Amino acid sequence: VSDRQFDVTMAEGYVQLISNVEVFQVVEHRASRQRDTLGGGRDTTTSFRYSNEWSSVWHASGSYNDRRMRINQKPPGLELGTHTQKCTRVEYGQGFLLTDDLVQQCSASPLAPGSLGESVTLKAGNLVFHRRPDGWYYHSGGGPQ
């Protein structure tokens, strides 16, 4: 089974690959408050706060209220979110093929440490992600490494 966006292929022993892709980025949080004014009108006050977060959803910062926080840069070709690739042919024993429904029922188990190697490369964009001691793969910077 092969991952659709990274150069990862498991020849045997796995029925599916699940990748969770997140980007560390600035996230804008808005809070609006309305209050009645003299004469029957309403006044709305909006406040903004910003935090640095890992997120599987892209936060385009180009329209953030604070121009200094417009710094998010999405690596080209990177698709955020959780993606599952299933093996197209799963054999059980000799001569038995699992149906898609049976493959779906297989529980997810983590890859053995080191089974992907020290780095993986994004197919589109040639970005290299290096494995860190926590087991996750990271890419730092705006361009290929």
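The values are calculated or read from the model by the stated rules, or taken from the named source; none is laboratory data. Since the model is a prediction, treat every value here as computed from it, not as a measurement. Cβ placement follows ideal geometry from the backbone for every residue including glycine, while neighbour counts extend to all protein chains displayed.
List of remarks:
- Meets criteria (out of contact with any Cys (no Cβ under 9 Å at 6 or more places or on another chain), exposed (fewer than 10 other Cβ atoms within 10 Å of the Cβ) and at pLDDT 80 or above) for T44: yes
- Looking only at residues in the stretch 11-65 that are hydrophobic (A, V, I, L, M, F, W, C) and without any contact (Cβ under 8 Å) to a residue 12 or more places away in the chain, the one that is farthest from E91 (Cα to Cα) is L38.
- Annotation note: of A31, A11, the sole residue that is more than 22 Å from the chain's Cα centre (by Cα) and at pLDDT 95 or above is A31.
- Residue in the stretch 60-67 that is modelled with pLDDT of 95 or more and within 16 Å of the chain's Cα centre (by Cα) present: yes
- Qualifying residue in the stretch 98-108 (condition: touching a Leu at 6+ places or on another chain (Cβ under 9 Å), in a loop (DSSP other than H, G, I, E, B) and within 19 Å of T121 (Cβ to Cβ)): no
- From the list V128, V90, the lone residue that is modelled with pLDDT under 90 and among the β-branched types (V, I, T) is V90.
- Any chance S115 is assigned to a loop (DSSP other than H, G, I, E, B), exposed (fewer than 11 other Cβ atoms within 10 Å of the Cβ), modelled with pLDDT under 90 and of a type in the set (S, T, N, Q): no
- Scanning the stretch 27-37 turns up one or more residues that are assigned to a strand (DSSP E or B), surrounded by 12 or more Cβ atoms within 10 Å (Cβ to Cβ) and touching a His at 6+ places or on another chain (Cβ under 8 Å).
- Qualifying residue in the stretch 72-85 (condition: farther than 29 Å from S2 by Cα and either at pLDDT below 95 or not hydroxyl-bearing (S, T, Y) (or both)): yes
- Being in contact with a Gly (Cβ under 9 Å, 6 or more places away or on another chain) and over 22 Å from M10 (Cα atoms) is a property that holds for S56.
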